[in-house]
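Okay, so here's the structure we're looking at.
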Amino acid sequence: MAILRIRLYGDPILRAPTKPVDEVTDETRKLIQDMMETMRKADGVGLAAPQVGVSKSIIVARNPENASLPTGQAGEIALINPEILESEGEIVAEEGCLSFPKITSEVRRTRRIIVEGLNPQGEKIRVEEVDLMARIIQHEIDHLKGILFIDRMSPARKILISKELKRLIKLRGRT
Ligand code: ZN
């Protein structure tokens, strides 16, 4: 497994809509393993392929409440070509993003979702999630469309963090 470089805000790949995966191959599974490893190492709870420089429709997520479990166990999920089939309720909570180090904000999301996608074996699966895990998956699916969590912040909040965003763009220029 390998730790991949996480792309920061300002990298154009974060704004590009991804392509669906036509066929789940060993290469797809390797990428998923690397994404999982990268997410754990960065102490994140979710990661989308564009964040590691791959413009494909793949996300990984883990439930932080289960984060103490040995890796690869319950609480971690990988979805290929995920799509939200149903959503219900609304909830506002604090959110962060590995492509925006040190920035957090309250974001409004749907409370409960049903998502369909392929698992790493290429089988169609349907999962229901609520609260935090539902939030993480919505955040990651947004990434696949080139949508970032700053797009979902209130205008006032966005003005408040505009300095921080400029800092990130400069930081990216140096790496
Ligand atoms: Zn993110």
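The values are calculated or read from the model by the stated rules, or taken from the named source; none is laboratory data. Owing to the predicted nature of the structure, the values given are computational and were not obtained by experimental measurement. So basically every Cβ, Gly included, is an ideal-geometry build from the backbone, and we count neighbours across all protein chains shown. The accessibility values were calculated without ligands, DNA or RNA, using every heavy atom of the protein model including side chains. Shrake-Rupley method; radii C 1.70, N 1.55, O 1.52, S 1.80 Å.
The criterion of being among the aliphatic types (A, V, I, L, M) and modelled with pLDDT under 95 holds for Ala2. Restricting the first member to the range 120-141 and to residues that are at negative phi, and the second to residues that are open to solvent by 60 Å² or more (accessible area, probe 1.4 Å) and in a helix (DSSP H, G or I), the beta-carbon pairs closer than 7 Å and six or more apart or on different chains are Pro120/Arg29. Look at the range 65-102 and say how many of its residues are open to solvent by less than 30 Å² (accessible area, probe 1.4 Å) and at pLDDT 95 or above. Counting residues in the range 65-102 that are open to solvent by less than 30 Å² (accessible area, probe 1.4 Å) and at pLDDT 95 or above gives 8. Scan the range 11-21 and tell me whether some residue there is in a strand (DSSP E or B), aliphatic (A, V, I, L, M), touching a residue at least 40 places away in the same chain (Cβ under 8 Å) and within 22 Å of Ile169 (Cα to Cα). No, there is no match, as no residue in the range 11-21 is in a strand (DSSP E or B), aliphatic (A, V, I, L, M), touching a residue at least 40 places away in the same chain (Cβ under 8 Å) and within 22 Å of Ile169 (Cα to Cα). The residue list Val45, Val54, Val24 contains one member that is β-branched (Val, Ile, Thr), closer than 19 Å to Gly122 by Cβ and under 15 Å from the mean Cα position of the chain (by Cα), which is Val54.
Here Leu79 meets the list (1) in a strand (DSSP E or B); (2) more than 16 Å from the ligand (Cβ to nearest atom) almost entirely, failing just condition (2).
On the stretch given as the range 138-152, residues that are near the ligand (Cβ under 8 Å from one of its atoms) and of a type in the set (Lys, Arg) total 0. Just so you know, in the range 95-122 the residues that are of a type in the set (S, T, N, Q) and more than 11 Å from the ligand (Cβ to nearest atom) include one that is nearest to Leu171 (Cα to Cα), and it is Thr104.
Residue-level analysis places Ile147 among those that are part of a loop (DSSP other than H, G, I, E, B) and surrounded by fewer than 20 Cβ atoms within 10 Å (Cβ to Cβ).
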